[in-house]
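Note sheet for the following structure.
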């Protein structure tokens with residue numbers, strides 16, 4: 001199983017750090033990829049993840065109203081909504097993509113989000129590429 | 001100004017000379033979970049990798065020296081540290097790169113500690129670390145030098161835009177710290193209207209005395225407005241319009257210290273009897289007088305809302321404590337929807353209650369009866385109570401000046417109430433959304449909760465600290481590829497910092513002094529005419545691909 005977590009350099013990345021520092025555990029299939037702000041996340045990055053074998057993609061930004069760049073996370077959420085629509089047109093279940101807003105001290109929420117995505121993949125089966133190749 | 005590369009931001013990547021990888025055992029914390037030797041052997045076989053070293057503790061002076069020596073061999077132009085969080089170690093390894101003569105933008109950090117070793121069992125952790133380091137390696141080989149420019153001469157001057165108490169406090173602090181200060185005051189007189197403090201005004205005595213103390217370090221221009229601001233932190237030029245004509249003020253840092261103007265609280269006309277406001281009460285208390293009999297403080301407006309200004313409950317709590325400590329037998333009641341105790345005020349709130357001040361929570365404006373009776377719906381009791389009072393204290397009201405024009409010129413947005421918006425106060429206290437511009441004054445979003453005087457001093461200290469440092473403009477910024485730009489205004493509308501504009505040829509132009517490198521515009525650009533050096537689309541996509549283990 002492969003899950004890409006696109007994390008912003010502020011709360012997203014720090015919440016993953018905090019999950020580790022606080023002794024949380026989550027599936028090792030979740031691999032973080034850092035971007036400056038979730039506002040930098042482009043639909044093409046999400047598509048690239050699915051095209052290269054991701055089973056799910058999570059986008060993790062700061063709490064709404066707490067974005068280090070004012071409203072990058074709001075822009076990201078809009079794009080995630082658009083991307084979900086695009087994915088379902090491509091025959092990929094929109095539930096494989098999710099936006100999370102997690103504060104930097106909420107390591108437990110990062111771990112929960114990771115587990116949630118894993119259970120979704122377990123329910124939906126392998127992603128489009130993996131399904132076709134195995 | 002930084003020059004974008006002539007090929008545009010989509011220029012072909014410069015091939016790496018070689019990559020050094022340092023694997024940090026983190027004194028056993030990482031090494032206890034990951035098989036470091038296996039990782040080393042596997043990574044050594046990659047063609048770009050020159051050396052892979054397993055070190056005990058990359059943060060220690062000894063290992064930093066080892067890394068420096070290894071990097072100075074001339075074989076590599078970039079390196080990866082696989083160890084702890086980017087958040088804690090980024091600055092340290094940027095400096096290491098500089099010391100070793102490498103470009104600090106070519107440093108890549110891979111978090112195999114918090115995001116891997118600490119959260120997964122042994123085997124899974126090693127597998128994930130392998131993938132994460134390979135993804136970092138992919139990213140590292142694609143990193144490009146970020147153009148940087150060192151400011152040769154930092155202007156130590158500070159320009160203060162202000163109209164009242166906060167500006168006066170800021171001036172004193174800045175002069176005290178040895179800066180040249182220019183005050184740009186929109187009113188015809190700079191007045192310190194705060195009660196109980198020494199005032200300086202442009203009237204002969206006060207102003208002359210303060211100016212003499214400051215020597216030539218202080219210039220005050222009144223009835224002046226800022227019409228433009230250009231340059232970068234450490235070297236700003238402010239265009240000023242004064243009654244004597246246009247002029248330019250040069251300063252390294254800008255402090256915006258606009259205060260709200262006091263206005264009469266509309267409640268005063270409606271209430272009978274002994275009504276004073278919190279300012280008047282504080283002035284009374286400072287001069288040793290105290291109000292008659294039972295004191296009721298109405299920390300709310302007519303709609304029952306106390307939240308129109310959190311500072312008003314601060315003032316009420318502060319004055320209640322002051323009054324109780326002067327006269328413990330005086331009954332003091334604060335009627336409010338909710339006490340906003342920010343920062344240090346939390347202690348004051350507790351002490352006021354310990355001293356016997358009573359806080360009554362209500363969500364409706366009370367009925368004020370005749371002859372000193374007041375009926376309140378007490379939220380805690382769930383029913384109405386009637387109290388007798390002798391003195392009623394209302395909030396001291398203020399009015400936010402019209403800041404629209406100033407805000408758009410400086411490029412810092414206003415909040416819904418029309419005050420300057422702050423970035424996240426916990427991370428960047430006293431900063432504004434524009435680098436090199438600092439905020440204080442009561443016409444600023446309330447986040448710090450330390451009171452206007454301390455906020456003013458804090459902003460000066462932050463500005464002063466910034467000016468003491470070597471000023472390097474080296475952040476990753478958005479870059480335009482003009483041939484691709486169709487001038488659609490998407491970036492102009494989306495940027496939180498007003499960095500993009502459209503030039504005369506109809507192409508986007510990024511003001512690098514305003515750009516903070518969030519990348520919101522880069523992702524939104526429909527023509528893909530914008531890129532960032534360290535977060536290009538191809539870099540992100542390749543890192544994602546490598547993070548998936550190259551399945552395809």
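Worth a mention:
- Residue B:487 being on the phi > 0 side of the Ramachandran plot and either without any contact (Cβ under 8 Å) to a residue 60 or more places away in the chain or surrounded by 22 or more Cβ atoms within 10 Å (Cβ to Cβ) (or both): yes
- Among the residues listed as B:251, B:237, B:257, B:217, the single one being modelled with pLDDT of 75 or more, more than 30 Å from residue B:279 (Cβ to Cβ) and either loosely packed, with under 13 Cβ neighbours inside 10 Å or touching a helix residue (DSSP H, G or I) at 6+ places or on another chain (Cβ under 7 Å) (or both): B:217
- For the stretch B:462-478, a residue qualifies if it is away from chain A (no Cβ under 14 Å) and surrounded by 15 or more Cβ atoms within 10 Å (Cβ to Cβ), and the qualifying residues are B:462, B:463, B:464, B:466, B:467, B:471, B:473, B:474.
- A single entry from B:413, B:429 fulfils the requirement of being at pLDDT below 85 and either farther than 30 Å from residue B:296 by Cβ or buried (at least 21 other Cβ atoms within 10 Å of the Cβ) (or both): B:429.
- Every residue from the stretch A:85-134 that is within 12 Å of chain B (Cβ to nearest Cβ), under 14 Å from residue A:58 (Cβ atoms) and crowded, with 16+ Cβ neighbours inside 10 Å: A:110, A:111, A:114, A:127
- For the stretch A:8-45, filtered to residues that are in contact (Cβ under 8 Å) with a residue 40 or more places away in the chain, in a helix (DSSP H, G or I) and surrounded by fewer than 23 Cβ atoms within 10 Å (Cβ to Cβ), the residue that is nearest to the other protein chains (Cβ to nearest Cβ) is A:21.
- Qualifying residue in the stretch B:514-536 (condition: surrounded by 18 or more Cβ atoms within 10 Å (Cβ to Cβ), within 14 Å of chain A (Cβ to nearest Cβ) and without any contact (Cβ under 8 Å) to a residue 24 or more places away in the chain): yes
- Pairing each residue of the stretch B:195-224 that is part of a helix (DSSP H, G or I) with any residue that is at pLDDT 55 or above, provided the two are 6+ apart or on different chains, yields C-beta distances under 7 Å for B:211/B:218; B:214/B:175; B:217/B:175; B:217/B:180; B:217/B:181.
- The listed residue being under 27 Å from residue B:128 (Cα atoms) and in a strand (DSSP E or B), out of B:63, B:41, B:53: B:53
- Among the residues listed as B:275, B:254, the single one being touching a residue at least 60 places away in the same chain (Cβ under 8 Å), over 35 Å from the mean Cα position of the chain (by Cα) and outside any loop (DSSP other than H, G, I, E, B): B:275
Yes/no per residue for (1) surrounded by 22 or more Cβ atoms within 10 Å (Cβ to Cβ); (2) under 25 Å from residue B:477 (Cβ atoms):
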{"residue": "B:95", "(1), (2)": "no, yes"}
{"residue": "B:105", "(1), (2)": "no, yes"}
{"residue": "B:124", "(1), (2)": "no, no"}
{"residue": "B:128", "(1), (2)": "yes, no"}
{"residue": "B:137", "(1), (2)": "yes, no"}
{"residue": "B:150", "(1), (2)": "no, yes"}
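- Note on the stretch B:332-347: residues that are surrounded by fewer than 18 Cβ atoms within 10 Å (Cβ to Cβ) and under 19 Å from residue B:394 (Cα atoms) total 1.
- Restricting the stretch A:67-85 to residues that are out of contact with any helix residue (DSSP H, G or I) (no Cβ under 7 Å at 6 or more places or on another chain) and not in a helix (DSSP H, G or I), the residue that is nearest to residue A:102 (Cα to Cα): A:68
- Taking the stretch B:489-510 as the range and being in a loop (DSSP other than H, G, I, E, B) and either within 14 Å of chain A (Cβ to nearest Cβ) or more than 18 Å from residue A:39 (Cβ to Cβ) (or both) as the test, the residues that pass are B:495, B:496, B:497, B:498, B:499, B:503, B:504, B:505, B:506, B:507.
- The lone exception for residue A:82 - which of (1) within 14 Å of another protein chain (Cβ to nearest Cβ); (2) surrounded by 14 or more Cβ atoms within 10 Å (Cβ to Cβ) it fails: (2)
Let's see how each residue does on (1) at pLDDT 90 or above; (2) surrounded by 15 or more Cβ atoms within 10 Å (Cβ to Cβ):
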{"site": "B:350", "(1), (2)": "yes, no"}
{"site": "B:356", "(1), (2)": "yes, no"}
{"site": "B:373", "(1), (2)": "no, no"}
{"site": "B:389", "(1), (2)": "no, yes"}
{"site": "B:420", "(1), (2)": "yes, yes"}
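The values are calculated or read from the model by the stated rules, or taken from the named source; none is laboratory data. Please read these numbers as outputs of a predicted model, since none were measured by experiment. Methodologically, a virtual Cβ is constructed for each residue, glycine included, from the backbone with ideal geometry; neighbour enumeration extends over all protein chains shown.
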